[in-house]
Amino acid sequence: MPEVKKERAPARPAGAPPPVPTPPTGSFTLAHVSDLHLTSLKGTTIAQLLNKRVLGYLSWWRKRRRVHRLDIVEALLEDLKTTRPDHIAVTGDLTHIGLPNEFADAGQWLARLGPPDQVTVIPGNHEAYVGKKWSAQLSAWAPYLNSDDKPDSFRTGEFFPSLRIRGKVALIGLSSAKPSLPFLAVGSLDEKQLNRLASLLKKTGEAGLLRVVLIHHPPVPGTIKWRKRLIGSNAFAEVIARCGAELILHGHTHTETFSEMQTPAGNVPVIGAPSASEMNPHSRRCAKYNLYAIERDDDGWSLKMLIRSYSEESGQFEKDQEAKMRLPQF
Ligand SMILES: [Fe+2]
């Protein structure tokens, strides 16, 4: 089990500017942003809601439109200009019910977040709300989904698993998104994705890269309610144990989570980021995102994790907690 040391940031004197994290020199810094649900359903027609989408629309009307706030999304953009990560990973759920206009709006927002070579996106279950052909809409985000060597994936719609290599870091994106029955938000990975995942993990592992796997649904059973689980998590765990990975990042929970997956070389950290746009005093949810400073030394890979939380008081994201850990060495 990697050593995890958590430190809460000291209280900041009134009026003092929020501190900016200082990643170790020479490290690669990855921001992990998730579950923004940043689109609006204003103007949605009755005809668009004649299926499971009506439930999603009611959820947006009753709650989501109030707790997922655009002012926090703007604060997030400002904060990322300050923390200046080398890359940003977005682990799904930018939309509410996966309507075409939501994909278009979220695509415009991604352009504000950063250029496609610095931002990697995977879909969440809210992108795959209904219909067998939901994934056709992903082409609106194609530059943010494409593998480095497959810039024309939008022609086939087969984006996943994606592979993007940035320095010594290999970002492997999966799509666990799939339409599910009303009141379910489950996900899964088909055999084709799992087989290609295994091959990518082997190839990038042999190249000595640090492998970061991105998946929307938490892959460790018990992290989330049964109705929101990853179906077939055992098959995913078998691939990770057999082929290795240094870090697994997910969303979907809307809360910060930390778990591990066992491999013969040691336990792989599995980290869930909360929603980066949600402030909900009833559930005590606070918008956050994570920064991971990844560094290689003589003993292998180390990870410094910094959590940035939104403050109602300042209207900005601020340093919250940090943790340090060693990553498994394969
Ligand atoms: Fe989700």
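The values are calculated or read from the model by the stated rules, or taken from the named source; none is laboratory data. Note that the coordinates shown come from a computational prediction; the quantities given were computed from them, not determined experimentally. Every residue, glycine as well, gets a Cβ built from its backbone with ideal geometry; the counts of neighbours run over all protein chains shown. The area values use the complete protein model at the heavy-atom level, side chains included, leaving out ligands, DNA and RNA. Shrake-Rupley method; radii C 1.70, N 1.55, O 1.52, S 1.80 Å.
So which strands (runs of 3 or more DSSP E) stay within the range 276-330 end to end and still have 2 or more residues that are open to solvent by 60 Å² or more (accessible area, probe 1.4 Å)?
Working: elements: 288-297, 300-311, 316-326.
By residue number, 288-297, 316-326.
Could you look through the range 182-205, keep only residues that are closer than 19 Å to V220 by Cα and among the small types (G, A, S), and pick out the one that is most open to solvent (accessible area, probe 1.4 Å)?
S188
Every residue in the range 216-246 that is away from the ligand (no atom under 16 Å from the Cβ), in a helix (DSSP H, G or I) and touching a residue at least 12 places away in the same chain (Cβ under 8 Å), please.
Looking only at the range 216-246, we keep the residues that are away from the ligand (no atom under 16 Å from the Cβ), and these are 221-222, 232, 234-246.
Retained after the next criterion (residues that are in a helix (DSSP H, G or I)): 234-243.
Answer for the range 216-246, where residues must be away from the ligand (no atom under 16 Å from the Cβ), in a helix (DSSP H, G or I) and touching a residue at least 12 places away in the same chain (Cβ under 8 Å): A235, F236, A237, V239, I240, A241, R242, C243.
Checking F258 against (1) within 16 Å of the ligand (Cβ to nearest atom); (2) part of a strand (DSSP E or B); (3) of a type in the set (A, V, I, L, M, F, W, C), only one condition comes out false. Which one?
Evaluating F258 over (1) within 16 Å of the ligand (Cβ to nearest atom); (2) part of a strand (DSSP E or B); (3) of a type in the set (A, V, I, L, M, F, W, C) leaves (1) as the failure.
If a residue must be at pLDDT 95 or above and touching an Asp or Glu at 6+ places or on another chain (Cβ under 7 Å), how many such residues does the range 280-300 contain?
Counting residues in the range 280-300 that are at pLDDT 95 or above and touching an Asp or Glu at 6+ places or on another chain (Cβ under 7 Å) gives 2.
For T82, work out the one condition from (1) touching a strand residue (DSSP E or B) at 6+ places or on another chain (Cβ under 9 Å); (2) crowded, with 19+ Cβ neighbours inside 10 Å; (3) of a type in the set (S, T, N, Q) it doesn't fulfil.
Of everything listed in (1) touching a strand residue (DSSP E or B) at 6+ places or on another chain (Cβ under 9 Å); (2) crowded, with 19+ Cβ neighbours inside 10 Å; (3) of a type in the set (S, T, N, Q), T82 misses just condition (2).
Residues in the range 1-40 that are at pLDDT 55 or above and more than 25 Å from G315 (Cα to Cα): how many?
3
Taking the range 290-316, which residues are closer than 11 Å to D79 by Cα and within 18 Å of the chain's Cα centre (by Cα)?
As a first pass, look at the range 290-316 and keep what is closer than 11 Å to D79 by Cα: 308-310, 315-316.
Result: R308, S309, Y310.
Within the bounds of the range 104-126, is there any residue that is within 16 Å of the ligand (Cβ to nearest atom), in contact with a His (Cβ under 8 Å, 6 or more places away or on another chain), open to solvent by 10 Å² or more (accessible area, probe 1.4 Å) and farther than 29 Å from G315 by Cβ?
So in the range 104-126, the residues within 16 Å of the ligand (Cβ to nearest atom) come out as 106, 121-126.
Still in the running and in contact with a His (Cβ under 8 Å, 6 or more places away or on another chain): 122-126.
Of the ones still in play, those that are also open to solvent by 10 Å² or more (accessible area, probe 1.4 Å) are 125-126.
Within this subset, residues satisfying the condition of being farther than 29 Å from G315 by Cβ are 125.
The answer is yes, given that some residue of the range 104-126 is within 16 Å of the ligand (Cβ to nearest atom), in contact with a His (Cβ under 8 Å, 6 or more places away or on another chain), open to solvent by 10 Å² or more (accessible area, probe 1.4 Å) and farther than 29 Å from G315 by Cβ.
Pull out all pairs, ordered by first then second residue, where Cβ-Cβ is under 7 Å, the residues are six or more apart or on different chains, the first lies in the range 166-191 and is within 30 Å of D86 (Cβ to Cβ), and the second is hydroxyl-bearing (S, T, Y) and part of a loop (DSSP other than H, G, I, E, B).
Once the first residue is within 30 Å of D86 (Cβ to Cβ) and sits in the range 166-191, its partners that are hydroxyl-bearing (S, T, Y) and part of a loop (DSSP other than H, G, I, E, B) give G187/S176; L189/S176.
Counting only residues that are of a type in the set (S, T, Y) and buried (at least 19 other Cβ atoms within 10 Å of the Cβ), which one in the range 28-56 is nearest to the ligand (Cβ to nearest atom)?
Taking the candidates together, the pick is S34.
Which of the residues that make up the range 127-171 are open to solvent by less than 30 Å² (accessible area, probe 1.4 Å), aliphatic (A, V, I, L, M) and touching a Ser or Thr at 6+ places or on another chain (Cβ under 9 Å)?
A128, L138, A142, L145, L163, A170, L171, listed by residue number.
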